[in-house]
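One structure below.
All of the numbers you see were taken from the coordinates with simple rules; none came from a lab. The shown structure was predicted, so the numbers you read here are calculated from the model rather than taken from an experiment. All Cβ positions, glycine included, derive from the backbone under ideal geometry; neighbour counts span all protein chains shown.
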Amino acid sequence: MQAQTGAAASGPVFQRSPEANGKPTVFRILLAISLVHLFNDSIQSIIPAILPILKDSMNLTYMQSGIIVFALNMTASIMQPVIGLYSDRRPSPYMLPMGMGLTFIGVLGLAFAPNYWLVLLSVLFIGLGSAVFHPEGSRVAYMAGGSRRGLAQSIFQVGGNSGQSLAPLMTAFLFVPLGQFGAIWFTAVAGLAILVQLFISRWYSGYIAVHPPAAKKNGVRVMSPLRKKQITFAILTLIFLVFARSWYHAGVTIYYPFYLMEQFGITLEKAQIYIFLFAAAGALGTFMGGPLSDKFGRRNLIFFSMVGSAPLALLLPYANPFWAYVILLVNGFIILSSFSVSVVYAQELIPGKIGTVSGLITGLAFGLGALGAVALGGLIDALHLPVVMQMVSILPLIGLLTFFLPHDRTLKEWAQEA
């Protein structure tokens, strides 16, 4: 396999990433789709935010709690690439508000669900709505980004990360005082998101009328068997990196609050502040990662994000409450700076399949995070929380596999061959 990747196996080299053509960047659409991403992911964040409340009120085990997260993320994971593949073949601008309609139904059900099984059903609707939004939202960001794809994807993704960062605050200020019924407020958020998506969908319709999909203009892309193997190897490597980041993220955001409560006697409300800092710093890192990758290269940014976070990740299980604040703040910025960059890298690795690739990478981030939630929950039940947190701290070292990804320069050469 190393022979197939050629120069891809060498170390990081600072270089500019492949640029799109000279199309303008449409910032009003980027800001609108980022706002909807914030709405969508803040609704998704209801699930981890409400989890401690449901765990107590329904007497759930750690495994059952993990299965709730699994139901949300695995639904999104499986359906995102499917929806992306469909929309690559038949772009459907009005899928965006339709998907948010499913989310609306899920939120309404969650607010009133009387038992564990109806909670799971409601979560499935939220997951389906998210599965529709993410590949289509990423496509809109790609189209509106013009020649600044890294920046565009960062603007899009920072909305999602900002929404996710609200989960700890929801727990402390909404679900602790109001309980499960507090979810009802998010039906208004879903309704507002639908209105913004209708505006975006009109622009989307106009764009594809003027710029038909490349497949319709250029025909079928012919690729040599060697190139297929090289691209497959690169995608599998990228997927493994997404796995490491997703499991680490799941370990910190879902189970580290329980670790703080168990080891230091910190209240749930205070423990959630740690996770808010991690997620908020991650949102800033996501925003900065795209422009930095436009300047220094996608591959280089992914490498320094993963490997650069490893020392602090290894220290976290041994940190006292004060230093945990510092570590989570810095490490959230570093490790999540590669989130949007991974999506753009995959889009440039397989040009012409924007929806499929976006759905695959973001879907895997959800799905692998879901598997991580369940697997780590089971390990905690079996091995105890401190042991598992030490295991989680090793995951960023998998970032060394970035050495095997092709350079940005190589991706540009491959795209010109097609």
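In the stretch 262-418, the convex hull through the Cα atoms has an average projected area of 10.1 nm², a quarter of its surface area. For the peptides 263-276, 295-308, the ranking by mean Cβ contacts within 10 Å, running from highest to lowest, is 295-308, 263-276. Plugging the Kirkwood radius over Cα pairs into Stokes-Einstein for the stretch 21-417, at a temperature of 4 °C and a viscosity of 1.567 mPa s, what D comes out in µm²/s? D = 62 µm²/s. If R0 equals 35 Å, the separation of the Cβ atoms of Asp381 and Glu269 corresponds to a calculated FRET efficiency of about 0.90. Checking the Cα-Cα distances for Lys23/Lys412; Lys229/Lys353; Lys23/Lys229; Lys55/Lys270; Lys295/Lys412 against a 20 Å cut-off, the pairs over it are Lys23/Lys229.
Model label sites at Val82 and Lys23, defined 7 Å from Cα along the beta-carbon direction, differ in position by 2.8 nm. Here the sum of -39500 (n - 2.57) over DSSP H runs of 4 or more residues, divided by the residues of the chain, equals -25500 deg cm²/dmol at 222 nm, to the nearest 500. Highest-first packing order for the peptide set 313-322, 90-99, 143-152 is 143-152, 90-99, 313-322, based on the mean count of other beta carbon atoms within 10 Å. Across the stretch 107-115, computed HN-Hα scalar couplings (Karplus, 6.51 cos²θ - 1.76 cosθ + 1.60, θ = phi - 60°) run 5, 4, x, 4, 4, 10, 4, x, 8 Hz from first to last residue, x flagging Gly and Pro. Stokes-Einstein diffusion for the stretch 218-333, with the hydrodynamic radius set to the Kirkwood value over Cα pairs and evaluated at 25 °C in a medium of 0.890 mPa s, equals 150 µm²/s.
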